[in-house]
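Presented below is the structure to which this report refers.
The values are calculated or read from the model by the stated rules, or taken from the named source; none is laboratory data. Since this is a predicted model, take the numbers as computed values, not measurements. Note that each Cβ is placed from the backbone with ideal geometry, even for glycine, and that neighbours are counted across all protein chains shown.
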Amino acid sequence: MDSNYYIALEEKYGAKNYHPLDVVISRGEGVWVYDVDGRKYLDCLSAYSAVNQGHVHPRILAIFKEQADKLTLTSRAFRNDQLPLLYKELSELTGYGMSLPMNSGAEAVETALKLVRKWAYVVKRIPRHKAEIITCQGNFHGRTITTISFSTEPSYRDDFGPFTPGFITVPFGNAEAIERSINENTAAVLLEPIQGEAGVVVPPVGYLKQVSDICKSKNVLLIADEIQTGLGRTGKLFASQHENVRPDITIIGKALSGGFYPVSAVLADEELLGLFNPGEHGSTFGGNPLGAAVAREAIKVLIEEKMIENSSKLGEYLMDQLIEIPSRHVKEIRGKGLFIGVELLPEAKGARRFCEAMQEQGILAKETHENVIRFAPPLVIDRETIDWALPKIRKTLTML
């Protein structure tokens, strides 16, 4: 059965909430994936940064199989022998005193929002149900009803109201706009250090530090959504560290499991996460032993195999090479580490056709916000592979 067979099945029986490229992947290894017809591709999306460690990393796979043979789920009604170790190792790695595991990134965002609201009422003494959270234009924090309530993307919102109240949206990259929007009911500022789904939008240098200082001076919590940017993607453990900022709350997910299992977490100190009481929040699968064991190994290989350093070094190299491509279609190239966006001019007629052309040459990338090509390969990529890809990328950007 070839690709057309599977594509036809999906078109007939699947909901149309995605618009994937017409490639049917059946196998992956490291930075490479293979389709059902035997063609080989360089993955430059990494499942939206969920496979920073590369596809089917052998160490994570071994732990996955070992734990699956023993125990997969207890629910949080009982304790298990993997979750306490994950707690300890996350704290040792990140410096946060506590963590709260969930499954998807959107669940972790919802968890953080509940946490800051409780802090607002119990600690800051904001009148009950009056807390406000400041968010940024162009944000992407998930597709739940609450997270789309403060999205500025019409396709995420238009047919899905009424929306959750309590959010104020300001321009991204403008710290003064955040400061002006803070009032006596402001509980927190929620932002991505680099906006991924908006097109790898990098704020001005110093922005995050300025926002952090404003939050501290105004007794407002800073929440960093590092679900895409965290765990090495930008060349640091967290993108916030590029400006030596330690948010009150950091949200992680995606690469926390190396692509094997949905695992996310909210990181904070005990003064915050200690506010939750039994029964106030939870998840049947959150913190399960299989997910915890996988996350533990995913973190270890990220650190021990120096993938974060590789992202910093090769990200700089890839960016420099892309900037040198003489293309009449390119408006701007931006990013940090192996998290790079190539924004095309409107006259280029959209990024999708460029992604389709690269697919024909064995490179898989995905358009975002119509005019941006995102390059975010697994952090295990080497210079030889980048050098293999660059002529193909150059050909696409200069010939179409």
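Condition first: under 20 Å from residue 252 (Cβ atoms) and not in a loop (DSSP other than H, G, I, E, B). Now tell me which residues in segment 202-231 satisfy that. Matches in segment 202-231: 208, 211, 212, 215, 221, 222, 223, 224, 225. Within segment 36-52, none of the residues are surrounded by fewer than 18 Cβ atoms within 10 Å (Cβ to Cβ), among the basic types (Lys, Arg) and assigned by TED's automatic domain parsing to the domain that holds residue 164. May I ask you to verify whether residue 165 is at pLDDT 95 or above, assigned by TED's automatic domain parsing to the domain that holds residue 211 and either among the small types (Gly, Ala, Ser) or closer than 17 Å to residue 112 by Cα (or both)? Spelling it out, residue 165 is indeed at pLDDT 95 or above, assigned by TED's automatic domain parsing to the domain that holds residue 211 and either among the small types (Gly, Ala, Ser) or closer than 17 Å to residue 112 by Cα (or both). Within segment 249-266, the presence of a residue that is touching a strand residue (DSSP E or B) at 6+ places or on another chain (Cβ under 8 Å), surrounded by fewer than 20 Cβ atoms within 10 Å (Cβ to Cβ) and in the same structural domain as residue 284 (by TED's automatic domain parsing) is excluded. Taking residue 318, is it touching a helix residue (DSSP H, G or I) at 6+ places or on another chain (Cβ under 6 Å), buried (at least 22 other Cβ atoms within 10 Å of the Cβ) and not assigned by TED's automatic domain parsing to the domain that holds residue 228? So residue 318 fits the description; yes. For segment 84-101, check the following and say yes or no: at least one residue is touching a Leu at 6+ places or on another chain (Cβ under 8 Å), in a loop (DSSP other than H, G, I, E, B) and over 23 Å from residue 150 (Cβ atoms). Looking through segment 84-101, at least one residue is touching a Leu at 6+ places or on another chain (Cβ under 8 Å), in a loop (DSSP other than H, G, I, E, B) and over 23 Å from residue 150 (Cβ atoms).
A quick yes/no check of all residues on (1) part of a loop (DSSP other than H, G, I, E, B); (2) more than 22 Å from residue 198 (Cβ to Cβ); (3) over 25 Å from the mean Cα position of the chain (by Cα); (4) not assigned by TED's automatic domain parsing to the domain that holds residue 241:
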residue	(1), (2), (3), (4)
328	yes, yes, yes, yes
340	no, no, no, yes
353	no, no, no, yes
370	yes, no, no, yes
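Among the residues of segment 366-391, write down those that are among the hydroxyl-bearing types (Ser, Thr, Tyr) and surrounded by fewer than 20 Cβ atoms within 10 Å (Cβ to Cβ). If the condition is that a residue be among the hydroxyl-bearing types (Ser, Thr, Tyr) and surrounded by fewer than 20 Cβ atoms within 10 Å (Cβ to Cβ), then 385 is the only one that fits. When each of 181, 155 is tested for being out of contact with any His (no Cβ under 7 Å at 6 or more places or on another chain), hydroxyl-bearing (Ser, Thr, Tyr), surrounded by fewer than 22 Cβ atoms within 10 Å (Cβ to Cβ) and modelled with pLDDT under 95, the lone residue that passes is 155.
Per this entry, residue 85 is not counted among residues that are in contact (Cβ under 8 Å) with a residue 60 or more places away in the chain, closer than 30 Å to residue 131 by Cα and not assigned by TED's automatic domain parsing to the domain that holds residue 360. Taking the condition of being in a strand (DSSP E or B) and either among the hydrophobic types (A, V, I, L, M, F, W, C) or over 16 Å from the mean Cα position of the chain (by Cα) (or both), how many residues in segment 372-383 meet it? The qualifying residues number 3.
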